[in-house]
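Reading through the structure tokens given below for one structure.
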Amino acid sequence: VDVSPLKPSTYGYSEYWPFPVEVYEITMMRAKHQFLPSKFPQTEIFAYAGKVNGKLVPSYPGPTLSVLKNMPCYVIYTNDIGGSHILPVDTSPPFDMVA
């Protein structure tokens, strides 16, 4: 497991902050992780992947963001988990909103 902090993908600007703001991109995706000894198959997990050198790298339990206290940053989350939900989803009002 790589626990090194995720580096910002780019820098942006905020109307409330006079300096460049770090922007992190994190994607939720399906991945495989080896929980059990190597003679057992890997387990499919829902992982958070951070962009490292322009490539998504899933990690478990997820990437670490190392940011300074009282400094704003942007985190862009993208859901890249396809297929049906593993749990029942309540689509009755008020949860019937279309994304």
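Can you order the peptides 68-75, 42-49 by their average number of other Cβ atoms within 10 Å per residue, highest first? Could the numbers behind the result be given before it?
On the way: 68-75: 10.6, 42-49: 15.1.
By packing density, highest mean first, the sequence is 42-49, 68-75.
Which percent of the accessible area of the chain is formed by carbon and sulfur heavy atoms (probe 1.4 angstrom)?
60 percent
Would you indicate which of (1) 1.04; (2) 1.21; (3) 1.37 is the value of Cα Rg over 2.2 N^0.38 Å derived from the coordinates of this structure?
(3)
With r as the distance between the Cβ atoms of Gln42 and Thr10 and R0 = 30 Å, compute the FRET efficiency 1/(1 + (r/R0)^6) and round to 0.05.
Details: r = 32 Å, r/R0 = 1.07.
That pair, Thr10 with Gln42, gives E of 0.40.
Find the accessible area per residue for segment 37-99; the probe is 1.4 Å, ligands and nucleic acids are left out, and the unit is Å². Don't jump to the answer; show the numbers that get you there.
Numbers: 5410 Å² over 63 residues.
Counting only protein heavy atoms, the per-residue value for segment 37-99 is 86 Å².
Students often forget the sequence filter, so: which lysines lie under 28 Å Cα-Cα from Lys51 once same-chain residues fewer than 8 apart are removed?
Straight-distance partners of Lys51: Lys7, Lys32, Lys69.
Residues in segment 50-70 near a label at Val23, defined as backbone nitrogen under 17 Å from the 7 Å Cα→Cβ point?
In segment 50-70, the label zone of Val23 (backbone N under 17 Å from the point 7 Å along Cα→Cβ) covers 50-56.
Would you mind classifying segment 56-97 by shape? Square roots of the alpha carbon gyration tensor eigenvalues, ordered a ≥ b ≥ c; an a/c under 1.5 is rounded, otherwise it is prolate if a/b is larger than b/c and oblate if not. Numbers along the way, then the final one.
On the way: a/c = 3.28, a/b = 1.74, b/c = 1.88.
Note, shape of segment 56-97 comes out oblate.
Based on Cβ point charges of +1 for Lys and Arg and -1 for Asp and Glu, what charge dipole magnitude is obtained for the chain about its Cα centre, in debye rounded to the nearest 20? Write down the numbers at each step before the final one.
Working: 7 positive and 8 negative charges, 94 e Å.
That gives the chain a dipole magnitude of about 460 debye.
At 7 Å along the Cα-to-beta-carbon direction for both Tyr74 and Val57, put a label point, then send me their distance in nm to one decimal.
According to this spin-label approximation, the distance is 2.3 nm.
Just going by the charge dipole of the chain, with Lys and Arg at +1 and Asp and Glu at -1 on Cβ, which of Leu6, Cys73, Gln42 is farthest out on the positive end?
Going by the Cα projections, it comes out as Gln42.
The values are calculated or read from the model by the stated rules, or taken from the named source; none is laboratory data. Not measured: the values here are computed from a predicted model. Neighbour counts are summed over all protein chains in view; Cβ atoms, including those assigned to glycine, are modelled from backbone coordinates with ideal geometry. SASA here: full protein model, heavy atoms, side chains in, ligands and nucleic acids out. Shrake-Rupley method; radii C 1.70, N 1.55, O 1.52, S 1.80 Å.
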